[in-house]
Amino acid sequence: MLQKKMIKKRQLLNKKDILKILSEELKESLKELTIFEEIGSTNDEAKTKLAEIKNFNDSLAIFAEQQTSGRGRSGKTWESPAKVNIYVSYGWYSSLKLPDLEGLSLASGVEISNHLDPIIGESVKIKWPNDLFLSEKKMGGILVETSSNKKGTSIVIGVGLNVLMSDKKENSIDQDWTSLSIHFGKDYDRNEIAGLMLEALFHLKNNFESNGFSHYKDRFEELNLLKNKECLATLKDLSLKGLVEGISENGELIFNENGKIHRLRYGDVSIRKI
(Lines give C-alpha, C1' and ligand atoms only; values in the text may rest on other atoms or scores of the structure.)
Protein backbone atom coordinates (compact mmCIF):
# COMPACT_ATOMS: atom_id res chain seq x y z
CA MET A 1 0.00 0.00 0.00
CA LEU A 2 2.74 2.42 0.96
CA GLN A 3 4.75 1.54 -2.14
CA LYS A 4 1.79 2.29 -4.44
CA LYS A 5 1.27 5.64 -2.76
CA MET A 6 4.92 6.59 -3.19
CA ILE A 7 4.79 5.69 -6.89
CA LYS A 8 1.69 7.81 -7.35
CA LYS A 9 3.34 10.81 -5.73
CA ARG A 10 6.20 10.55 -8.22
CA GLN A 11 3.81 10.55 -11.18
CA LEU A 12 5.25 12.78 -13.90
CA LEU A 13 3.35 15.27 -16.00
CA ASN A 14 2.53 13.82 -19.39
CA LYS A 15 1.46 15.75 -22.49
CA LYS A 16 -0.92 13.08 -23.74
CA ASP A 17 -2.74 12.82 -20.39
CA ILE A 18 -2.98 16.59 -19.99
CA LEU A 19 -4.48 17.00 -23.47
CA LYS A 20 -7.16 14.37 -22.77
CA ILE A 21 -9.13 17.04 -20.91
CA LEU A 22 -9.22 19.50 -23.80
CA SER A 23 -11.71 19.67 -26.67
CA GLU A 24 -10.44 19.34 -30.24
CA GLU A 25 -11.11 23.04 -30.82
CA LEU A 26 -8.89 24.02 -27.92
CA LYS A 27 -6.14 21.61 -28.96
CA GLU A 28 -6.07 23.12 -32.45
CA SER A 29 -5.36 26.62 -31.15
CA LEU A 30 -2.56 25.39 -28.88
CA LYS A 31 0.62 25.92 -30.88
CA GLU A 32 2.91 24.42 -28.27
CA LEU A 33 2.71 22.46 -25.02
CA THR A 34 6.11 21.82 -23.47
CA ILE A 35 6.91 20.12 -20.18
CA PHE A 36 10.28 20.81 -18.58
CA GLU A 37 11.78 18.63 -15.89
CA GLU A 38 13.44 21.75 -14.48
CA ILE A 39 13.39 25.38 -15.55
CA GLY A 40 14.13 28.78 -14.10
CA SER A 41 10.66 30.25 -14.66
CA THR A 42 7.78 29.01 -16.81
CA ASN A 43 6.68 32.62 -17.31
CA ASP A 44 10.08 33.62 -18.70
CA GLU A 45 10.06 30.65 -21.08
CA ALA A 46 6.52 31.44 -22.21
CA LYS A 47 7.45 35.05 -22.96
CA THR A 48 10.42 33.91 -25.06
CA LYS A 49 8.38 31.34 -26.99
CA LEU A 50 5.47 33.73 -27.49
CA ALA A 51 7.76 36.13 -29.34
CA GLU A 52 8.36 33.35 -31.92
CA ILE A 53 4.68 32.73 -32.66
CA LYS A 54 3.57 33.90 -36.10
CA ASN A 55 -0.16 33.15 -36.09
CA PHE A 56 -1.95 35.74 -33.98
CA ASN A 57 -4.64 33.26 -32.90
CA ASP A 58 -2.22 30.63 -31.56
CA SER A 59 -1.45 30.14 -27.90
CA LEU A 60 1.11 28.13 -25.94
CA ALA A 61 1.55 26.45 -22.58
CA ILE A 62 4.71 25.77 -20.60
CA PHE A 63 4.68 23.29 -17.69
CA ALA A 64 7.54 22.38 -15.39
CA GLU A 65 8.11 19.71 -12.78
CA GLN A 66 10.27 22.18 -10.87
CA GLN A 67 11.19 25.87 -11.07
CA THR A 68 14.52 27.14 -9.78
CA SER A 69 13.58 30.82 -10.09
CA GLY A 70 9.83 30.81 -9.68
CA ARG A 71 8.38 34.14 -8.65
CA GLY A 72 5.16 35.67 -7.47
CA ARG A 73 3.83 39.21 -7.38
CA SER A 74 6.33 42.03 -6.69
CA GLY A 75 9.23 39.69 -7.43
CA LYS A 76 8.67 37.46 -4.41
CA THR A 77 10.06 33.93 -4.60
CA TRP A 78 7.55 31.20 -5.44
CA GLU A 79 8.43 27.93 -3.73
CA SER A 80 8.56 25.29 -6.49
CA PRO A 81 9.52 21.80 -5.24
CA ALA A 82 9.81 19.00 -7.80
CA LYS A 83 7.10 16.57 -8.97
CA VAL A 84 4.40 17.45 -6.45
CA ASN A 85 2.67 20.60 -7.74
CA ILE A 86 1.56 22.29 -10.96
CA TYR A 87 3.57 25.16 -12.45
CA VAL A 88 2.14 26.36 -15.75
CA SER A 89 2.33 29.48 -17.89
CA TYR A 90 -0.12 30.14 -20.70
CA GLY A 91 0.53 32.82 -23.31
CA TRP A 92 -1.18 34.46 -26.28
CA TYR A 93 -1.38 37.70 -28.23
CA SER A 94 -4.39 39.93 -27.80
CA SER A 95 -5.88 42.86 -29.68
CA LEU A 96 -6.90 44.33 -26.31
CA LYS A 97 -4.87 47.27 -25.02
CA LEU A 98 -3.11 47.17 -21.66
CA PRO A 99 -5.81 49.29 -19.91
CA ASP A 100 -8.42 46.75 -21.09
CA LEU A 101 -6.72 43.99 -19.09
CA GLU A 102 -7.58 45.28 -15.62
CA GLY A 103 -9.09 42.47 -13.59
CA LEU A 104 -7.37 39.75 -15.64
CA SER A 105 -5.71 38.23 -12.58
CA LEU A 106 -9.05 38.08 -10.75
CA ALA A 107 -10.74 36.55 -13.79
CA SER A 108 -7.99 33.92 -13.95
CA GLY A 109 -8.74 32.93 -10.36
CA VAL A 110 -12.45 32.61 -11.14
CA GLU A 111 -11.87 30.32 -14.11
CA ILE A 112 -9.47 28.12 -12.16
CA SER A 113 -11.87 27.85 -9.22
CA ASN A 114 -14.78 27.03 -11.54
CA HIS A 115 -12.84 24.28 -13.30
CA LEU A 116 -11.47 22.67 -10.14
CA ASP A 117 -14.77 22.76 -8.25
CA PRO A 118 -16.35 19.67 -9.96
CA ILE A 119 -13.26 17.58 -9.18
CA ILE A 120 -12.53 18.68 -5.62
CA GLY A 121 -16.13 19.43 -4.58
CA GLU A 122 -15.32 22.79 -3.02
CA SER A 123 -14.92 26.34 -4.29
CA VAL A 124 -11.38 27.68 -4.21
CA LYS A 125 -11.52 31.18 -2.71
CA ILE A 126 -9.58 34.10 -4.16
CA LYS A 127 -7.62 36.59 -2.07
CA TRP A 128 -7.36 39.83 -4.01
CA PRO A 129 -5.53 40.27 -6.25
CA ASN A 130 -3.96 36.93 -7.15
CA ASP A 131 -3.90 34.22 -4.46
CA LEU A 132 -5.92 30.99 -4.32
CA PHE A 133 -7.09 29.75 -0.92
CA LEU A 134 -8.67 26.72 0.70
CA SER A 135 -9.84 26.94 4.31
CA GLU A 136 -8.07 30.24 4.98
CA LYS A 137 -4.75 28.84 3.73
CA LYS A 138 -2.91 29.69 0.53
CA MET A 139 -2.74 26.88 -2.02
CA GLY A 140 -1.91 28.73 -5.20
CA GLY A 141 -1.02 31.99 -6.87
CA ILE A 142 -1.30 33.76 -10.21
CA LEU A 143 1.23 36.01 -11.95
CA VAL A 144 0.07 37.99 -14.99
CA GLU A 145 2.73 39.64 -17.15
CA THR A 146 1.84 41.79 -20.16
CA SER A 147 3.63 43.97 -22.69
CA SER A 148 2.89 45.72 -25.99
CA ASN A 149 4.73 45.29 -29.26
CA LYS A 150 4.11 45.35 -33.01
CA LYS A 151 2.14 42.09 -32.92
CA GLY A 152 -0.26 43.35 -30.25
CA THR A 153 -0.47 42.82 -26.50
CA SER A 154 1.52 39.91 -25.18
CA ILE A 155 -0.18 38.14 -22.27
CA VAL A 156 1.42 35.45 -20.11
CA ILE A 157 -0.42 34.02 -17.11
CA GLY A 158 1.57 31.90 -14.71
CA VAL A 159 -0.13 29.71 -12.11
CA GLY A 160 1.38 27.73 -9.28
CA LEU A 161 -0.91 25.25 -7.53
CA ASN A 162 -0.03 23.05 -4.55
CA VAL A 163 -1.31 19.55 -5.32
CA LEU A 164 0.65 16.83 -3.49
CA MET A 165 2.98 19.07 -1.47
CA SER A 166 3.05 17.83 2.12
CA ASP A 167 6.41 18.24 3.86
CA LYS A 168 6.23 21.59 5.61
CA LYS A 169 9.82 21.38 6.86
CA GLU A 170 11.45 21.61 3.46
CA ASN A 171 10.31 25.03 2.31
CA SER A 172 10.61 28.69 3.20
CA ILE A 173 6.97 29.72 2.81
CA ASP A 174 6.26 32.51 5.30
CA GLN A 175 2.48 32.10 5.66
CA ASP A 176 -0.12 29.43 6.33
CA TRP A 177 -0.46 27.21 3.29
CA THR A 178 -2.09 24.02 2.18
CA SER A 179 -2.32 21.70 -0.82
CA LEU A 180 -5.11 19.63 -2.34
CA SER A 181 -3.72 16.45 -0.73
CA ILE A 182 -3.38 18.06 2.72
CA HIS A 183 -6.80 19.71 2.63
CA PHE A 184 -8.75 16.70 1.39
CA GLY A 185 -6.57 13.94 2.83
CA LYS A 186 -6.05 12.16 -0.48
CA ASP A 187 -3.88 12.24 -3.58
CA TYR A 188 -4.89 13.70 -6.92
CA ASP A 189 -3.89 12.93 -10.51
CA ARG A 190 -1.63 15.85 -11.37
CA ASN A 191 -2.20 15.39 -15.10
CA GLU A 192 -5.94 15.74 -14.61
CA ILE A 193 -5.47 18.87 -12.51
CA ALA A 194 -3.01 20.25 -15.09
CA GLY A 195 -5.50 19.62 -17.91
CA LEU A 196 -8.29 21.37 -16.01
CA MET A 197 -6.07 24.37 -15.31
CA LEU A 198 -5.11 24.62 -18.97
CA GLU A 199 -8.75 24.39 -19.99
CA ALA A 200 -9.54 27.16 -17.49
CA LEU A 201 -6.92 29.43 -19.06
CA PHE A 202 -8.27 28.69 -22.55
CA HIS A 203 -11.73 29.74 -21.41
CA LEU A 204 -10.26 32.82 -19.76
CA LYS A 205 -8.67 33.85 -23.06
CA ASN A 206 -11.93 33.50 -24.98
CA ASN A 207 -14.28 34.99 -22.38
CA PHE A 208 -12.07 37.90 -21.36
CA GLU A 209 -11.32 38.82 -24.97
CA SER A 210 -15.06 38.98 -25.68
CA ASN A 211 -16.51 40.38 -22.46
CA GLY A 212 -13.72 41.76 -20.28
CA PHE A 213 -13.85 41.64 -16.50
CA SER A 214 -17.60 42.32 -16.38
CA HIS A 215 -18.10 38.65 -17.29
CA TYR A 216 -16.42 37.65 -14.02
CA LYS A 217 -17.26 40.33 -11.45
CA ASP A 218 -20.29 38.70 -9.80
CA ARG A 219 -18.65 35.30 -9.54
CA PHE A 220 -15.49 36.86 -8.13
CA GLU A 221 -17.52 38.46 -5.36
CA GLU A 222 -18.86 35.01 -4.45
CA LEU A 223 -15.29 33.75 -4.14
CA ASN A 224 -13.85 36.92 -2.59
CA LEU A 225 -11.97 35.79 0.53
CA LEU A 226 -11.74 39.34 1.93
CA LYS A 227 -15.28 40.60 1.32
CA ASN A 228 -16.88 42.14 4.43
CA LYS A 229 -13.70 41.45 6.41
CA GLU A 230 -11.70 43.87 8.55
CA CYS A 231 -8.29 44.18 6.90
CA LEU A 232 -5.00 46.01 7.04
CA ALA A 233 -3.81 47.37 3.69
CA THR A 234 -0.20 48.42 3.36
CA LEU A 235 0.90 50.68 0.54
CA LYS A 236 4.41 52.02 -0.07
CA ASP A 237 4.25 54.70 2.60
CA LEU A 238 0.78 54.26 4.09
CA SER A 239 -1.20 51.74 6.14
CA LEU A 240 -4.99 51.63 6.14
CA LYS A 241 -7.28 49.77 8.50
CA GLY A 242 -10.82 49.19 7.40
CA LEU A 243 -13.50 47.01 5.80
CA VAL A 244 -13.31 45.42 2.36
CA GLU A 245 -16.66 46.11 0.70
CA GLY A 246 -15.94 44.35 -2.60
CA ILE A 247 -14.46 45.22 -5.95
CA SER A 248 -15.14 47.83 -8.60
CA GLU A 249 -16.13 47.21 -12.23
CA ASN A 250 -12.46 47.03 -13.22
CA GLY A 251 -11.23 44.95 -10.30
CA GLU A 252 -10.11 47.60 -7.83
CA LEU A 253 -10.56 46.70 -4.16
CA ILE A 254 -13.19 48.92 -2.49
CA PHE A 255 -11.80 49.63 0.96
CA ASN A 256 -13.79 51.54 3.61
CA GLU A 257 -11.57 53.30 6.14
CA ASN A 258 -14.00 54.71 8.73
CA GLY A 259 -16.33 56.01 6.03
CA LYS A 260 -13.60 57.10 3.63
CA ILE A 261 -13.64 54.97 0.50
CA HIS A 262 -10.37 53.98 -1.13
CA ARG A 263 -10.13 52.17 -4.45
CA LEU A 264 -6.96 50.12 -4.26
CA ARG A 265 -5.19 49.04 -7.42
CA TYR A 266 -2.87 46.03 -7.66
CA GLY A 267 0.53 47.71 -7.70
CA ASP A 268 2.44 47.24 -4.47
CA VAL A 269 -0.56 46.93 -2.16
CA SER A 270 -0.29 44.22 0.49
CA ILE A 271 -3.44 43.25 2.34
CA ARG A 272 -4.32 40.84 5.12
CA LYS A 273 -7.24 40.14 7.40
CA ILE A 274 -7.02 41.48 10.95
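How big is the charge dipole of segment 188-274 about its Cα centre, in debye rounded to the nearest 20, if each Lys and Arg gets +1 on its Cβ and each Asp and Glu gets -1 on its Cβ?
On the way: 13 positive and 14 negative charges, 73 e Å.
Magnitude of the dipole: close to 340 debye.
So which aspartates and glutamates can Lys27 reach, going by Cα to Cα under 17 Å and dropping same-chain residues fewer than 8 places off?
Asp17, Asp58, Glu192, Glu199
Tell me, what ³J(HN,Hα) does each residue in segment 99-110 have, in order and in whole Hz, if you take phi through Karplus 6.51 cos²θ - 1.76 cosθ + 1.60 with θ = phi - 60° and put x for Gly and Pro?
x, 6, 9, 4, x, 5, 5, 5, 5, 4, x, 5
What list of ³J(HN,Hα) couplings, whole Hz, do you get for segment 148-155 from phi and the Karplus terms 6.51, -1.76, 1.60, once you set θ to phi - 60° and write x for glycine and proline?
Result, rounded to whole Hz: 10, 8, 4, 6, x, 9, 7, 10.
Can you pull out the GluC sites (Glu not before Pro) in segment 88-192 that DSSP calls coil and that have at most 15 other Cβ atoms within 10 Å?
Hits after loop and neighbour filter: Glu122, Glu136.
Write down the accessible area per residue of the chain in Å², having rolled a 1.4 Å probe over the full set of protein chains.
49
Gap in Å between the Cα centre of segment 189-242 and the Cα centre of segment 35-59?
Here the two parts' Cα centres lie 23 Å apart.
Taking a ≥ b ≥ c as the square roots of the Cα gyration tensor eigenvalues, with a/c under 1.5 meaning rounded and otherwise prolate when a/b beats b/c, else oblate, which class fits segment 28-128?
Numbers: a/c = 1.42, a/b = 1.08, b/c = 1.31.
Since a/c stays below 1.5, the shape of segment 28-128 is classed as rounded.
Using a cut-off of 10 Å between beta-carbons, work out the net charge of the residues near Ala46 (Lys and Arg +1, Asp and Glu -1, Ala46 not included). Present the calculation step by step, with values, prior to reporting the outcome.
Details: positive: Lys47, Lys49; negative: Glu32, Asp44, Glu45, Glu145.
So the surrounding residues net to -2.
Provide the FRET efficiency to the nearest 0.05 for the Gln11-Asn228 pair, computing r from the beta carbons and using R0 = 41 Å.
The computed FRET efficiency comes out at 0.55.
I'd like the accessible area for His203: 1.4 Å probe, protein heavy atoms, all chains in place, Å² to the nearest 10.
His203 exposes around 60 Å² with every protein chain in place.
Given R₀ = 45 Å, FRET efficiency for Glu192-Arg265 by Cβ-Cβ distance, to 0.05?
Using R0 = 45 Å, I get an efficiency of 0.80.
Between Ser95 and Gln66, what's the calculated FRET efficiency when r is the beta-carbon distance and R0 is 41 Å? Round to 0.05.
0.70
Do the alpha carbons of any pairs in Lys31/Lys150; Lys20/Lys127; Lys138/Lys236 sit beyond 27 Å of each other, and which pairs?
From the list (Lys31/Lys150; Lys20/Lys127; Lys138/Lys236), the Cα-Cα distance tops 27 Å for Lys20/Lys127.
Note the full-extension length gain between Glu245 and Ser23 as 0.36 nm times their separation in residues minus their Cα-Cα distance, in nm to one decimal.
76.1 nm
Taking square-rooted eigenvalues a ≥ b ≥ c of the alpha carbon gyration tensor, is segment 156-274 rounded, prolate or oblate, where a/c under 1.5 means rounded and, failing that, a/b exceeding b/c means prolate?
Oblate, because a/c is 1.5 or more while a/b does not exceed b/c.
What size of dipole, in debye to the nearest 20, comes out for the chain about its Cα centre when the only charges are +1 on Lys and Arg C-beta atoms and -1 on Asp and Glu C-beta atoms?
Its charge dipole is roughly 500 debye.
Give me a comma-separated list of calculated 3J(HN,Hα) values for segment 187-197, in order, Karplus coefficients 6.51, -1.76, 1.60 applied at θ = phi - 60°, integers in Hz, x for any Gly or Pro.
8, 10, 6, 5, 5, 5, 5, 4, x, 5, 5
Which of Gly158, Gly195, Gly109 moves the most in a Gaussian network model of the chain with Cα springs under 10 Å?
Largest GNM mean-square fluctuation: Gly195.
The values are calculated or read from the model by the stated rules, or taken from the named source; none is laboratory data. As the structure is a prediction and not an experimental result, all values here were calculated from the model. Using ideal geometry, Cβ is built from the backbone for each residue, glycine included, and neighbour counts are taken over all protein chains shown. Accessible surface areas use protein heavy atoms only, side chains included; no ligands, DNA or RNA. Shrake-Rupley method; radii C 1.70, N 1.55, O 1.52, S 1.80 Å.
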